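Below: one structure, written as structure tokens.
The values are calculated or read from the model by the stated rules, or taken from the named source; none is laboratory data. This structure is a prediction, so every number in the text was calculated from the model and none was measured. All Cβ positions, even for glycine, are placed from backbone atoms using ideal geometry, and neighbour counts span all protein chains on display. Ligands, DNA and RNA are excluded from the accessible area calculation, which covers all protein heavy atoms including side chains. Shrake-Rupley method; radii C 1.70, N 1.55, O 1.52, S 1.80 Å.
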Amino acid sequence: MPPFAMARAAALYEADRTMRQAILLLKYGGRRTLARHLGRLMVEGAGRLFDPRQFDLLIPVPLHPKRERARGFNQAALLAKEIGTGWGLCVDHRVLQRVRATEAQSGGRREREENVKGAFAVTRSERVKGMRLLLIDDVFTTGATAGECAKVLLAAGAAEVGVYTLARVE
């Protein structure tokens, strides 16, 4: 049973399809302006999936500082900013940090869970105590990253953690 209360995605991540191409252009092609459009898609898509008002705070899944410097941005943070604006919710980029660099995710669920174990830490537990948090990321594959983030947020006192991603792998 995953530690998060719910996981929803605005779209499917399918090989050779538009959403996959858009995400790859954003993440690896440096097309940061795509985040504005993709974030709006997430804002509009949520209404049919869940009620965003059930959450108090948006938390983007953090990149390791070294990876974020190399890329120049965190795509989850860019998406969260758009979503926060669209829903009128605060985004906190400092509550959750990636404290250990991880390999690019590959393999099955067990390998992915092992890869992210101990990779995240809550730096401001007073900001999450009793809060209903919505974790924001670009792609949900096995749920290993979201699960590890949710575990540390719940251990720090969060009341509930939900997950909302731009796309999910079927």
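Got a number for carbon plus sulfur as a percent of the chain's accessible area, 1.4 Å probe?
Details: 4210 of 8880 Å².
Result for the chain: 47 percent of the exposed heavy-atom area is carbon or sulfur.
Residue separation times 0.36 nm, minus the C-alpha to C-alpha distance between Arg94 and Arg132: what's the value?
On the way: separation 38, 0.36 × 38 = 13.68 nm, distance 1.63 nm.
Working it through step by step, the gained length comes to 12.0 nm.
If we sort 32-39, 127-134, 74-81 on the protection proxy, mean other Cβ atoms within 10 Å, highest first, what's the order? Walk me through the numbers before you get to the answer.
Numbers: 32-39: 17.2, 127-134: 19.8, 74-81: 23.8.
Listed from highest to lowest mean packing, they are 74-81, 127-134, 32-39.
Under a 1.4 Å probe, what is the accessible area of the chain per residue, stated in Å²?
Each residue of the chain exposes 52 Å² on average to a 1.4 Å probe.
Just to be sure I understand the model, the point goes 7 Å from the Cα along the line to the Cβ. What's the resulting Arg67 to Asp51 distance in nm?
3.5 nm
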